[in-house]
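The values are calculated or read from the model by the stated rules, or taken from the named source; none is laboratory data. All figures in this text were calculated on a predicted structure; none of them were measured in a lab. Neighbour counts are summed over all protein chains in view; Cβ atoms, including those assigned to glycine, are modelled from backbone coordinates with ideal geometry. Each accessible area value is taken on the protein alone, full model and side chains, heavy atoms only, with ligands, DNA and RNA left out. Shrake-Rupley method; radii C 1.70, N 1.55, O 1.52, S 1.80 Å.
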Amino acid sequence: MAALKFSGPVLPDGQSRDLYVVDGTVTYEPQAGADTVARGWILPGLVDAHNHLGLEDHGAVDESEIEAQALADRDAGALLLRDCGSPADTRWVEQREDLPRLVRAGRHVARTKRYIRNYAHEVEPADLAPYLAREARGSDGWVKVVGDWISRDAGDLAPSFPAEAFAEAIAAAQAEGAKVTAHCFGRDVLQGLLDAGIDCIEHGTGLSLDQLDQMAARGVALVPTVMQTAKFPTFAEQGREKFPAYAATMEDLFARRREVLMSAHEAGVPMYVGSDGGGAQRHGWLAGEVQAMVELGLPAADVVAAASWRGRDWLGFDGLAEGASADLVVYDRDPVADPTALWEPVCVVLRGRVVGAAPA
Ligand SMILES: [Zn+2]
């Protein structure tokens, strides 16, 4: 196969170079006779750090729909998906050269009747540890627990399990070699999870300044999913009549979500970019999450880095070093200067193959 040539600023350093693809990998050694495929800003393949492949509003979807979801993400430049819980078996996706790379978390584990129907394994506290350990053995190194959800008895958002049950389950999953993350909207669940050594928090709207400092010191990641948390006023409205305390909590969390986000950045918490595709959002919307994070006030340089090379590094994948797999996206303008560029990739290359939007 002839070598492919891409020219332009290669991120993160932004130095203009000719990047060649030979046998699926990146090289900067000039290749005679290479075809120039695209010119522009060249980024390591984007990372959707909170994605649910195989999930939609009513639960698991079939293989043709999973394929369509994966293609929507891929065509939008998301070449590495961190699955954040899915009831569908998506292991076959990892055998497909034309579909994004996937880091699966298995199926979410939630408290009985305290999550969206058909999404999670729903268990009582005594079963949390064995279930999470089992998901850990079948996953790609991550598992997901639903940290808090509305309690109809309390009429408010409340931790799904007692702190001791979370701690036992986190230890059990980590003993299997997996990292643990949790869905957390509210405040009450957080300290127990952090003290138990959790590895990442999803959403995290209830985090306090002290907790953000604790996360920064220990390298605990945050995936704030701001397109999702923008929906809190809608959740409040839907619950107001039957659950006024819940509605007030969601409004309060919404009111302080920008402050939490900016404080997390200031504290140095490692943050990543998650669209919640398949959960609260459709697939193929990673650019929307980047834009929403920038609109809330985060520096575009940090958000774009998190959505590309920093996210890849976090999950153990290369950027565009000599010899790395050629997973890259080309844009006609600098996405750090103008994140709207991310909506329109000029060219998408996965495992060395042009899979999207190459010029005629
Ligand atoms: Zn989600």
message: The conditions are (1) touching a Pro at 6+ places or on another chain (Cβ under 7 Å); (2) buried (at least 22 other Cβ atoms within 10 Å of the Cβ), and HIS108 fails exactly one of them. Which is it?
response: (1)
- line: Inside segment 214-235, the number of residues satisfying the requirement of being assigned to a helix (DSSP H, G or I), in contact with a Phe, Trp or Tyr (Cβ under 8 Å, 6 or more places away or on another chain) and open to solvent by less than 30 Å² (accessible area, probe 1.4 Å) is 3
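Of the residues in segment 85-99, how many are at positive phi and either assigned to a strand (DSSP E or B) or more than 16 Å from the ligand (Cβ to nearest atom) (or both)?
0
Criterion first (among the aliphatic types (A, V, I, L, M), touching a residue at least 24 places away in the same chain (Cβ under 8 Å), farther than 25 Å from ALA49 by Cα and open to solvent by 20 Å² or more (accessible area, probe 1.4 Å)) does ALA126 satisfy it? Please lay out each step first, then the result.
Details: among the aliphatic types (A, V, I, L, M): yes; touching a residue at least 24 places away in the same chain (Cβ under 8 Å): yes; farther than 25 Å from ALA49 by Cα: yes; open to solvent by 20 Å² or more (accessible area, probe 1.4 Å): yes.
Criteria met by ALA126.
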Considering residues of segment 132-178 that are among the basic types (Lys, Arg) and open to solvent by 10 Å² or more (accessible area, probe 1.4 Å) only, the residue modelled with the lowest pLDDT: ARG152
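For segment 207-242, which positions are among the small types (Gly, Ala, Ser) and more than 16 Å from the ligand (Cβ to nearest atom)?
To start, the set of residues in segment 207-242 that are among the small types (Gly, Ala, Ser) comprises 208, 216-217, 219, 221, 230, 236, 239.
Across segment 207-242, the qualifying residues are SER208, ALA216, ALA217, GLY219, ALA236, GLY239.
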1 or more residues within 16 Å of GLY85 (Cα to Cα): qualifying helices (runs of 4 or more DSSP H) within segment 107-212: 125-138, 163-175
message: Being away from the ligand (no atom under 16 Å from the Cβ), modelled with pLDDT of 95 or more and either open to solvent by less than 10 Å² (accessible area, probe 1.4 Å) or within 18 Å of the chain's Cα centre (by Cα) (or both) is the requirement here; does ARG82 meet it?
response: no
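Say whether the condition of being more than 16 Å from the ligand (Cβ to nearest atom) and of a type in the set (A, V, I, L, M, F, W, C) is met by at least one residue in segment 100-119. Spell out how you get there, then give the answer.
Of the residues in segment 100-119, the ones more than 16 Å from the ligand (Cβ to nearest atom) are 100-101, 111-113.
This time we only want the ones that are of a type in the set (A, V, I, L, M, F, W, C), so: none.
No.
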Segment 41-73: number of residues that are under 18 Å from PHE6 (Cβ atoms) and open to solvent by 10 Å² or more (accessible area, probe 1.4 Å): 1
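Test PRO12 against the stated conditions and say whether it is away from the ligand (no atom under 16 Å from the Cβ) and crowded, with 23+ Cβ neighbours inside 10 Å.
Working: away from the ligand (no atom under 16 Å from the Cβ): yes; crowded, with 23+ Cβ neighbours inside 10 Å: no.
Spelling it out, it is not the case that PRO12 is away from the ligand (no atom under 16 Å from the Cβ) and crowded, with 23+ Cβ neighbours inside 10 Å.
Could you please find all residues in segment 340-360 being in contact with a helix residue (DSSP H, G or I) (Cβ under 7 Å, 6 or more places away or on another chain) and buried (at least 23 other Cβ atoms within 10 Å of the Cβ)? Steps first, answer last, please.
Let us first name the residues in segment 340-360 that are in contact with a helix residue (DSSP H, G or I) (Cβ under 7 Å, 6 or more places away or on another chain), namely 340, 342-343, 348, 350, 355-356.
Within segment 340-360, LEU342, VAL348, LEU350 qualify.
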- prompt: What pairs come up if the first residue lies in segment 88-101 and is open to solvent by less than 20 Å² (accessible area, probe 1.4 Å), the second is among the small types (Gly, Ala, Ser) and in a helix (DSSP H, G or I), and their beta carbons are under 7 Å apart, counting only those six or more places apart or on different chains?
  reply: VAL93/ALA70; LEU99/ALA70; PRO100/ALA70
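When you look at LEU55, is it within 15 Å of the ligand (Cβ to nearest atom) and within 15 Å of ARG351 (Cα to Cα), yes or no?
Working: within 15 Å of the ligand (Cβ to nearest atom): yes; within 15 Å of ARG351 (Cα to Cα): no.
In short, no.
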So ALA245, is it of a type in the set (Gly, Ala, Ser), away from the ligand (no atom under 15 Å from the Cβ), surrounded by 20 or more Cβ atoms within 10 Å (Cβ to Cβ) and modelled with pLDDT of 95 or more: no
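Test TRP314 against the criterion of being surrounded by fewer than 20 Cβ atoms within 10 Å (Cβ to Cβ), closer than 23 Å to VAL10 by Cα, of a type in the set (Phe, Trp, Tyr) and within 13 Å of the chain's Cα centre (by Cα), and give yes or no.
Details: surrounded by fewer than 20 Cβ atoms within 10 Å (Cβ to Cβ): yes; closer than 23 Å to VAL10 by Cα: yes; of a type in the set (Phe, Trp, Tyr): yes; within 13 Å of the chain's Cα centre (by Cα): yes.
When the stated conditions are applied, TRP314 passes them.
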- line: Within segment 261-284, residues being more than 15 Å from the ligand (Cβ to nearest atom) and either assigned to a loop (DSSP other than H, G, I, E, B) or surrounded by 23 or more Cβ atoms within 10 Å (Cβ to Cβ) (or both) number 7
